[in-house]
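Take a look at the structure below.
The values are calculated or read from the model by the stated rules, or taken from the named source; none is laboratory data. Everything quoted here is computed from the prediction, not taken from an experiment. Reconstructed Cβ throughout: ideal geometry from the backbone, glycine too, with neighbour counts over all protein chains shown. In case anyone asks, the SASA skips ligands and DNA or RNA and just uses the protein heavy atoms, side chains included. Shrake-Rupley method; radii C 1.70, N 1.55, O 1.52, S 1.80 Å.
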Amino acid sequence: MQVCGSWVDEPRCPPWERLCRLRLSYHDFAGEAQPGTLVVDVRAVPALTRIFEKLFLAGFPIGSMRPIDEFDGDDRASMAANNCSAFNFRLIEGQPRLSHHSLGIAVDINPLQNPMVLPDRTEPPEGAAFLNRQSCLPGMILRPGVVVRAFEAEGWCWGGDWPDLRDYHHFSALPREATRFDVG
């Protein structure tokens with residue numbers, strides 16, 4: 001049974017009670033403050049609140065921040081809308097393992113400006129316009145930079161550091177290969 005977008009009533013999916021709608025403020029690309037919502041594991045709330053407060057104070061622009069249910073759980077549709085999202089019960093593309101998004105402990109920010117670069121393609125495809133990481137265009141996540149610094153201060157890992165592919169929009173509370181979130 002599917003409830004609330006991508007949440008499903010099955011043993012590998014976190015209990016609905018462990019997920020919450022975190023309300024945050026962000027700056028859009030026009031510099032205007034906007035309300036946003038991320039669905040996350042309740043244990044990630046303190047860290048994410050501190051992270052997004054730093055991004056807000058720095059004026060870092062975010063395209064959109066809406067729960068994946070507004071995209072019917074479709075990660076590609078969310079990326080194409082340049083949406084910052086978190087919980088989404090799904091497998092890692094092309095693998096039998098669950099994504100950290102399935103645990104509510106991963107966040108994607110500005111997928112258009114920060115695409116995932118695979119050997120054979122870029123996701124979202126429109127993100128190919130932002131592959132030159134030497135440019136510092138609004139909304140891009142770069143090292144060094146405020147976004148990477150804010151997440152790393154909380155112990156989160158950045159997909160832009162992966163050696164075999166670059167997932168510039170992806171941050172997780174766990175290292176890439178970890179499969180369990182055992183905090184507090």
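Evaluate the Kirkwood expression for the hydrodynamic radius of region 22-65, namely the inverse of the mean inverse distance over all pairs of different C-alpha atoms, and round to one decimal in Å. Walk me through the numbers before you get to the answer.
Details: mean 1/r = 0.0950 Å⁻¹.
For region 22-65, inverting the mean 1/r across all distinct Cα pairs yields 10.5 Å.
Taking a probe of 1.4 angstrom, what is the accessible area of residue 108 in Å², to the nearest 10?
The accessible area of residue 108 comes to roughly 0 Å².
Around residue 141, under 14 Å between beta carbons, what's the net of Lys plus Arg minus Asp minus Glu among the other residues? Intermediate results must be reported in sequence, preceding the final value.
Numbers: positive: 54, 133, 143, 149, 166; negative: 108, 152, 161, 167.
That sum, taken over residues with Cβ under 14 Å, equals +1.
Working with all protein chains in place, sort 84, 20 by solvent-accessible area computed with a 1.4 Å probe, largest first.
Values: 84 0, 20 40 Å².
Per-residue accessible area, sorted high to low, gives 20, 84.
From largest accessible area down, sort 9, 75, 41; use a 1.4 Å probe on the protein chains. All intermediate terms of the calculation are to be shown ahead of the outcome.
Numbers: 9 105, 75 35, 41 0 Å².
These residues rank, largest area first, as 9, 75, 41.
What Kirkwood hydrodynamic radius, in Å, does the chain give when the mean of 1/r is taken over all pairs of distinct Cα atoms and then inverted? Don't skip to the answer; put the middle values down first.
On the way: mean 1/r = 0.0613 Å⁻¹.
Kirkwood radius, the chain: 16.3 Å.
Remind me, relative contact order of the chain in percent, using alpha carbon pairs under 8 angstrom and six or more residues apart? Show your work: numbers first, answer last.
Values: 362 pairs, mean separation 33.8, N = 184.
Once divided by the residue count of the chain, the mean separation gives 18 percent.
Quick one: length gained pulling residue 9 to residue 165 fully straight, 0.36 nm per residue minus the C-alpha distance?
Gain in length upon complete extension: 53.0 nm.
If region 88-166 were replaced by its equivalent ellipsoid, with semi-axes equal to the square roots of 5 times the Cα gyration tensor eigenvalues, what would those be, largest first, whole Å?
Values: eigenvalues 84, 62, 23 Å².
For region 88-166, the semi-axes come out at 21, 18, 11 Å.
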